[in-house]
Amino acid sequence: MTKHFDEAYRILAANDRGGYTVPTDRLYPFQWNWDSAFVAMGFATFDIDRAYRELERLTEGQWADGMIPHIVFHQPSDTYFPGPDVWRTSHTIPTSGITQPPVFGIALRAVHEAAEKAGTEDAKARTLALFQAGLKWHRWWYKARDPEGTGLVALLHPWESGSDNSPAWDIALARVPTTTDTAVVRKDTGHVDAAMRPRDEDYRRFIHLVDTYAACGWVPAEQWGKAPFKVAEIQTTGILLKAGEDLEHLANSLGLEAEALELANYNDLTRKALLAQWRPAFSRFVSRDLISGEDIEAPTQAGFIPLLSLDVDADIVDAAVAEMKLWSNGMKVGFPTTKPFVGSFEPKRYWRGPSWAIINWLLIDGLARNGMNDMASALRSNTVGAIEAEGFAEYFDPITGEGCGGLGFSWTAAAYLCLAGQ
């Protein structure tokens, strides 16, 4: 076991770029938002200062309106597209113009509690500064991405989900034109087999969206009005609610009563909205396409992520777990990100079927929260076993167990430290 911990430490050290961690060399040469949040929790298992620093470096990219972008371009690199010249944002440090799931609040509580346990002297001050950044971002989500006050937050670009290439976007994305103002120069397929990456047609749609929002000057209200892609998304909303709970907990522990109440109100609104997205016919939760007004029925892992932040009735838990077991049946590595053997299932292609350690981590916590400890333990063991067998790959083919995508991956190392250490 020790050699695997040592390898996880080595990967995090190799991907350190001076207080922030790149996901992997060349393929992802900048700081990614939710990657860094998971990485901070990994660092918290052995280096509290470095864990705080990871989150602090991420907040250097926070915009005046509160958004924390999905990429912070701390230093130049020519191995990734689209770079800062495509995004055309005006932040002091170059950033992308969209965001990512707010794991930040979850990570901050984990880091703070690890610091308290270790008796770290400056923990309260560092946590307080990061809490204010997290709260500001939380307010941005509700203002910019839920202007009608529904409790569900919307994504205006598939990349904001973290699950960039998911079949969940196929119908909504098909309405987005493939024309672009920006020349699409794929860099990713120079680092990873093209059969594992998004298709060219989808990449053109991704960049069409970037062009559209850049033309809006990245003003949220204008983007909302002109967005050809707008999805009230359950994975992101589920993570937002868990982050909201953790920020509320921190507010109470820091004596911030008004902030705690504000967060509690957000959480109550979102809890009710998320529960309303349960669909008994599918035994999972569903997102909603805000342009068509229809449920997104594509069977992906997102349908189970709300367990992370909800305490649901036994009948819902039982149905969800039965469905998860059905998806896992015959798989070497759980949990597949698309229901196996449906038409859209591609076991090696980015977010269209592969198993990811960080998704499993969220599902494990959701299962444990809802009393499904045996299944949580089994998924934890399966995930750790996959990493020990195949290494710290970006993701895994659920059928064969093969490690796929980028290698020497930071968040896989972080997941291993947290899951194998339990």
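In order along region 270-276, phi translates into HN-Hα couplings of 6, 4, 5, 5, 5, 4, 5 Hz, rounded to whole numbers, per the Karplus curve 6.51 cos²θ - 1.76 cosθ + 1.60 with θ = phi - 60° and x for Gly and Pro.
Using Cα-Cα distances under 8 Å and only pairs 6 or more residues apart, what relative contact order does region 60-100 have, in percent? Relative contact order for region 60-100 comes out at 51 percent.
For S287, the amide hydrogen comes within under 5 Å of the amide hydrogens of I234, I296, counting only partners 5 or more places away or on other chains and with H modelled in the peptide plane.
Packing-based ranking of 50-58, 364-372 yields 50-58, 364-372, ordered from highest to lowest mean Cβ neighbour count within 10 Å. Residues in region 216-229 carry Karplus couplings, in order, of 8, x, 6, 7, x, 5, 5, 4, 4, x, 9, 5, x, 9 Hz; the curve used is 6.51 cos²θ - 1.76 cosθ + 1.60 with θ = phi - 60°, and Gly or Pro positions show x. Computed from the C-beta positions of V185 and D6, the FRET efficiency with R₀ = 41 Å rounds to 0.60. A simple spin-label model places pseudo-atoms 7 Å from Cα toward Cβ; at D374 and D315 they are separated by 2.3 nm. Sorting 26-38, 387-399, 283-295 by average packing, meaning the other beta carbons within 10 Å per residue, from highest down gives 26-38, 387-399, 283-295.
Taking label points 7 Å from Cα along the Cα-to-Cβ direction, A258 and E294 give a separation of 4.7 nm.
For region 283-422, what's the relative contact order in percent, using C-alpha pairs closer than 8 Å and at least 6 residues apart?
22
Calculated [222 nm] ellipticity per residue, helices only, for the chain: -15000 deg cm²/dmol; basis is -39500 (n - 2.57) per DSSP H run with n ≥ 4, divided by all residues, nearest 500. Calculated accessible area for region 344-389 comes out at 31 Å² per residue, all protein chains present (probe 1.4 Å; ligands, DNA, RNA ignored). Annotation: amide H of L254 has no partner in the under-5 Å range at sequence separation 5 or more or interchain, hydrogens built in the peptide plane. Here region 346-379 is scanned for amide nitrogen atoms under 13 Å from the site 7 Å beyond the Cα of T400 along Cα-to-Cβ, giving 347-349.
Evaluating 6.51 cos²θ - 1.76 cosθ + 1.60 at θ = phi - 60° for every residue in region 94-109, the Karplus couplings come out as x, 9, 6, x, 10, 10, 8, x, x, 5, 3, x, 5, 5, 4, 4 Hz, glycine and proline recorded as x.
Compute the Cα gyration tensor for the chain, then decide on rounded, prolate or oblate, letting a ≥ b ≥ c be the square roots of its eigenvalues: rounded whenever a/c is under 1.5, prolate when a/b is larger than b/c in the other cases, and oblate in all that remain.
Rounded, since a/c falls under 1.5.
If you plug the beta carbon distance of D85 and N265 into 1/(1 + (r/R0)^6) with R0 = 51 Å, you get a FRET efficiency near 0.80. Extension gain for R175-A281 works out to 35.5 nm (0.36 nm per residue, less the C-alpha to C-alpha distance). If I compute solvent accessible area with a 1.4 Å probe over the protein chains, what percent of it on the chain is carbon and sulfur? Within the chain, the accessible surface is 51 percent carbon and sulfur. Look at the alpha carbon pairs under 8 Å that are at least 6 residues apart: their mean separation over the length of the chain gives a relative contact order of 18 percent. Amide hydrogen proximity for L155: with H placed 1.01 Å from N in the peptide plane, the residues at 5 or more positions away or on another chain lying under 5 Å are V231, A232, E233. For region 119-188, the solvent-accessible area of protein heavy atoms averages 40 Å² per residue (probe radius 1.4 Å; ligands and nucleic acids excluded).
The values are calculated or read from the model by the stated rules, or taken from the named source; none is laboratory data. No experiment lies behind these values; they were computed from the predicted model shown. Ideal geometry is used to build each Cβ from the backbone, glycine not excepted, and the neighbour counts take in all protein chains shown. Heavy atoms of the whole protein, side chains included, go into the accessibility calculation; ligands, DNA and RNA do not. Shrake-Rupley method; radii C 1.70, N 1.55, O 1.52, S 1.80 Å.
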